[in-house]
Structures are given as structure tokens and as C-alpha cells.
1. Between rounded, prolate and oblate, where does the chain land on the alpha carbon gyration tensor, with a ≥ b ≥ c its root eigenvalues, rounded for a/c under 1.5, else prolate if a/b exceeds b/c?
2. Pick out, from Thr248, Trp230, Ala258, the residue whose Cα sits farthest towards the positive end of the charge dipole of the range 193-274, with +1 on the Cβ of Lys and Arg and -1 on the Cβ of Asp and Glu.
3. Which residues among the range 98-139 fall inside the zone where the amide N is under 20 Å from a point 7 Å beyond the Cα of Lys303, along Cα→Cβ?
4. Comparing Asp66, Asp194, Asp46, which has the greatest mean-square fluctuation in the GNM of the chain with Cα pairs linked when under 10 Å apart?
5. For a quick check, take a GNM of the chain with Cα springs below 10 Å and name the residue from His39, His12, His149 with the largest mean-square fluctuation.
6. If the reach is capped at under 13 angstrom between alpha carbons, list the aspartates and glutamates near Lys40, excluding any in the same chain fewer than eight residues apart.
7. With 20 Å as the limit, write out which pairs from Lys235/Lys303; Lys176/Lys235; Lys176/Lys196; Lys163/Lys196; Lys196/Lys241; Lys176/Lys217 have Cα-Cα distances beyond it, or answer none.
8. Sorted from largest down, give the three principal axis spans of the alpha carbons of the range 10-106, whole angstrom values.
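The values are calculated or read from the model by the stated rules, or taken from the named source; none is laboratory data. Predicted model, so just to flag it, every value in this text is computed and none were measured. No Cβ is skipped: glycine too gets one built from the backbone with ideal geometry, and neighbour counts run over all protein chains shown. Just so you know, the surface numbers come from the protein's heavy atoms only, side chains and all, with ligands and any DNA or RNA stripped out. Shrake-Rupley method; radii C 1.70, N 1.55, O 1.52, S 1.80 Å.
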Amino acid sequence: MPTLAPLALDGHCILATFLGDIPFFALADGTIHRLDHGHKQDTTTDGLLCAIRDPGSDRMLAGGEDGRVVAVSSEGTVEKIADVNGKWINCVAAGPRGAVAFSFGRQARVIDTSGSETELAEQRTIEALAFAPKGLRLACARYNGVSLHWIGTRAPPVDLEWKGAHNGVTFSPDGKYVVTTMQENALHGWRIGDGKHMRMTGYPAKVKSLSWSVKGKWLASSGAQAAIVWPFSGKDGPMGKAPLELGTRGDTMVTSVACHPSDEVVAIGYADGMILAVRFGDRKEAVLRRGGMSAISSMTWGKKGVQLVFGSETGECGVVDLSG
């Protein structure tokens, strides 16, 4: 049976993750909490707008309303990476070899480990950023599509167009596909090699959480009364194939998904605070948390896959331990 180590915080949890083996929780008020031989607290920015884990250097990248982009180490040390004079930093992304990208309004910047900066400009506000898994290529999601920029070259961006507002973006682990979440209740994807479109519709709500399976064969998503898991194993991705629907619980909406680091299992967080783990193959379910006061907003598995850290919209956070 799993054990639960709860942590009651005050505020919306934007990111719950591990740095090393230490659980970290980033709240919208700019505070960072960690469970490192007791509960410890640090401050990153005034009004946190975005936070991600950088898997390449095992640190947290965060940006907020004060225009600062910072890196947080596993010891809780906060290092300033950039400051754009109070402009709101709405997106951050971690790239290969320690590169960091961030955006404000219609502009994005990429900083490499030498401190060299590359500025990018879009015609519309940048809503999300993501680096390709190989090569210094950055996707900028915006209104009517995605721009793919090769950093450090003079090559013009590749524009992948689709009408509507695109507010999230991710590359498949093999780099063959790019997928966006949309303002409408849908996902849209492109096969990068030839620009072939992939429409993934039918959601009753907006998709706010995506997670790739360990080998990139599946893409799990929130936005429905089950985790909607699209197959990406063939050359056409999910086109012509039905998704898996895992963890259906009546009318309770899925709000967060996190695929296991080594097994074809997905953790599913719900609007009522419950968390299930569901296996893709036989759809077997295991309860990891029975529920709480608010929706699960973020989840991350530890490297060994025996711990899951989670956060909620009202600050109910914690660690689920499966090692016992």
C-alpha cells in the first residue's frame, strides 16, 4: 500500500517536482517549498507565472511578474539568469547543454551556458515554449500555430499553421512530432518532416496537462472524465486510431497527468484531489490518494518511479511513496 506524506501550503501550486531526491513545490506567490530534512522555504520571484524542471541540470527554472528568470538548485539556492525590467515572464523552457529560453509578450530570448543571448520576435504573443530533444531548436506557440526556430543560425523559422489560439507546446521524445494544446477543447499536432496535420478533438474541457510515456509511444492528456492517451507508435501518430481512456470516474474531470519514468503507467490527478495510477496494457488501477479539497495541478514521478510528488490548486501538496 502507498504511504502519503502530506504538506499543507497556502496558495496555488504551479509545479510539484523532484530536484535530485528532494520534493519541491513552487507556488503562485513566488515561494518555493522543499522537504529536505524538514520543511524549508525560499522565495524566487514576485508572483510566479511559470516554473519547470530542467532535466539536464536537475534544477528548477522559474519566471514571474517582476521580470526575473531564476534557477533553483536542489539545495534551494536561487540564481538570477535574466531580468527584463519588470515585464511579465509567462514562459520558460530548458534546452540542451544548459540553454534556457523565456518569453514576454511577443519576444523570446535564449541564453546559452556562455551567456550569449539570442532574441526572437513573433507577430503574436508567445503562449508557450519547448525545445526539441536534439539540437538547439525552439518551438514558440502563438495564435494560429507554432514557429520552429533554429538557434544560432540565420535560417528563417518554420511556421506550422493552424487557425486558433495555441497555449501549450511539446515535442515528442523522438523529435518527430510537435503537439499543442489549444484554447478550444482540442490538441493539434504536426509531423515535422512534412508538416502533416494531426487533429485530436472531442474533449469536454480545455487540455491543461500533457505527459509522454517513457518511450514516446503514448501521449497522455487531461481535459476529460478520463485520461485521454493518444498512440504515437506509427508513422502517422494518432491519426485513424482511437485513444485509450483510462481512469474514468463518472463526471469527475482529470486535471493532471504524469507518465511513469520506466513503465507504461500514468498517474492521473482529478478535480476532487484524488490520484490514481493506471497501467496502459490492462487498465488496472491503483489508488494513490483518495481525495482532498481541490484539483490536482501538478505531479511528477521520482527518477526510480517509486515516489510521486503532487500539488493542488489550494496548496494541498505531498509525496506518495510506493516503496513499501
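1. Values: a/c = 1.68, a/b = 1.09, b/c = 1.54.
Because a/c hits 1.5 or more and a/b fails to exceed b/c, the chain counts as oblate.
2. Trp230
3. 98-99
4. For the chain, modelled as a Gaussian network with Cα springs under 10 Å, the answer is Asp194.
5. Checking each option, the largest mean-square fluctuation is seen for His39.
6. Glu75
7. Details: Lys235/Lys303 29 Å; Lys176/Lys235 9 Å; Lys176/Lys196 11 Å; Lys163/Lys196 15 Å; Lys196/Lys241 16 Å; Lys176/Lys217 12 Å.
Correct reply: Lys235/Lys303.
8. 41, 33, 18
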